[in-house]
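A.B. asks: I'd like to ask some things about the structure below.
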Amino acid sequence: MSLYKLLYHLIILNFLWSFGDYYNKISDYDIFYGDPHNLETTDKFLTYELITPLFSDYAFKHRAIYIPKNQKIKYNDKNVFEFPVGAIISKTFYYPYDFNDLNKGISLKETRIMIHEEDGWIGLPYIWNEDETEAYLDIAGDILDAKWIDTSNKIQSIDYIVPNMNQCKSCHVNNNIFKPIGPSARQLNRSVKHKDSWVNQLILWSDMGLIDYLPENNIPKIVKWDDPLSGNVNDRARAWLDINCAHCHNYNGPANNTGLFLDYYETNLKALGIYKTPVAAGRGSGKFKYDIVPGHPEESILIYRYESTDPGIMMPELGRTMVHEEGLELIKEWVLKMDNK
């Protein structure tokens, strides 16, 4: 362990000792039943899925949530749901050995835990050990080997980065408050398999008594970014931008000083980047003039930053070391098809 990492461990451990006791092992949360590679969730937790999830170097994710007995989630049309004190959100990152045949097994990398305490949320990273039988709290993060066969039968290998405890805050802070990103009505309004049948996820939660109120109609629903049958190019691109960028690029997010707002409900075209000059992009501008030039992805700063892996240029700044090629092609198509009049 480097001196820097050792010092960081000591600083964060001092924080943890001062503000509460947290489990050292992921098994203490009782998320998984039996072999964690089977991704079978115990009765304590309930798995959930998003329609358009965040890109994280092609990692797969197992999501689960615990809601304390007799407590309820507060429904919200647009914003992330409000979860009761004591709620725990779990997200396990893993890679199938072969993306074309999931039966060949998976490799577990990390499990991120968010706990809603009396004074707010806290995020804790757990890293799986070498034989992947247990994950341990490691607030300093780490770099792990990840290797898989992609859908084109090519072998991919990367240094998978587990963020440290402070880096989690760079994406999860909104209006100076640390909170979850994904679980909103528009993302959760989908069908999932539950006990051998397909049901609407939000209706399931409501029937289980987990939500305080669920509208009968007009529940928002985002489109699936990679499914042309789910929506047109504009809707799919906006869905991709919403989950990958808007947690920072919104009026209350860490990037609100940029004036670039990419959330799903933004209607101001300049705020979306169209013919908008950057506030202070430095090398990130690529010497281009506007964030988006309709009809010209090759002249748009937005595209330039998405297709880079240079830490001083790329966006998002954290959470990836690779280019999301399929997402990039969608955003290019979106810009290309914009009205240039």
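A.B. asks: Out of (1) free of Cβ contacts under 8 Å to residues at least 40 places away in the same chain; (2) closer than 18 Å to Arg320 by Cβ, the odd one out for Arg112 is which?
C.D. replies: (1)
A.B. asks: Return the residues of the stretch 302-311 that are of a type outside the set (A, V, I, L, M) and closer than 18 Å to Leu260 by Cβ; say none if nothing qualifies.
C.D. replies: Tyr304, Arg305, Tyr306, Glu307, Ser308
A.B. asks: Looking at the stretch 90-116, which of its residues are in contact with a helix residue (DSSP H, G or I) (Cβ under 8 Å, 6 or more places away or on another chain) and charged (D, E, K, R)?
C.D. replies: Asp98, Arg112
A.B. asks: If you scan the stretch 117-141, which residues turn out to be at positive phi and free of Cβ contacts under 8 Å to residues at least 60 places away in the same chain?
C.D. replies: Listed by number, the residues that qualify are Gly120, Gly141.
Table: residues versus (1) touching a helix residue (DSSP H, G or I) at 6+ places or on another chain (Cβ under 8 Å); (2) at pLDDT 95 or above; (3) buried (at least 16 other Cβ atoms within 10 Å of the Cβ).
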site: Lys179; (1), (2), (3): yes, no, yes
site: Gly182; (1), (2), (3): yes, no, yes
site: Asn189; (1), (2), (3): yes, yes, yes
site: His194; (1), (2), (3): yes, no, no
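Listed here are the residues, each with its yes/no results for (1) assigned to a helix (DSSP H, G or I); (2) over 23 Å from Phe83 (Cβ atoms).
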| residue | (1), (2) |
| --- | --- |
| Val199 | no, no |
| Gly209 | no, no |
| Asn218 | no, no |
| Ile222 | no, no |
| Asp226 | no, yes |
| Asn234 | yes, yes |
| Ala237 | yes, yes |
| Gly253 | no, no |
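A.B. asks: Can you name the residue in the stretch 73-130 that is of a type in the set (Phe, Trp, Tyr) and not in a loop (DSSP other than H, G, I, E, B) and, of all such residues, is nearest to Asn153 (Cα to Cα)?
C.D. replies: Among them, the one singled out is Tyr95.
A.B. asks: Let me ask something else. Scan the stretch 296-322 for residues that are in a loop (DSSP other than H, G, I, E, B) and modelled with pLDDT of 95 or more and report the count.
C.D. replies: Residues flagged as in a loop (DSSP other than H, G, I, E, B) and modelled with pLDDT of 95 or more within the stretch 296-322 amount to 1.
A.B. asks: Going through Ile139, Ile161 one at a time, which residue ends up being modelled with pLDDT under 95 and not in a strand (DSSP E or B)?
C.D. replies: Only one candidate passes the filter, namely Ile139.
A.B. asks: Within the stretch 94-115, restricting attention to residues that are of a type in the set (Lys, Arg) and within 19 Å of Asn164 (Cβ to Cβ), which residue is farthest from the chain's Cα centre (by Cα)?
C.D. replies: Ranking the candidates gives Lys109 first.
A.B. asks: Give the stretch 21-44 a look and list any residue that's free of Cβ contacts under 8 Å to residues at least 60 places away in the same chain, in a loop (DSSP other than H, G, I, E, B) and over 13 Å from Ala64 (Cβ atoms), or say none.
C.D. replies: Matches in the stretch 21-44: Asp21, Gly34, Asp35.
A.B. asks: Confirm whether Thr133 is within 17 Å of the chain's Cα centre (by Cα) and under 21 Å from Tyr160 (Cβ atoms).
C.D. replies: no
A.B. asks: Sticking with this one: Within the stretch 241-251, can one find any residue that is assigned to a loop (DSSP other than H, G, I, E, B) and over 16 Å from the mean Cα position of the chain (by Cα)?
C.D. replies: yes
The values are calculated or read from the model by the stated rules, or taken from the named source; none is laboratory data. Being a predicted model, the structure only gives us computed values, none of them experimental. Backbone-built Cβ (ideal geometry, glycine too); neighbour counts: all protein chains shown.
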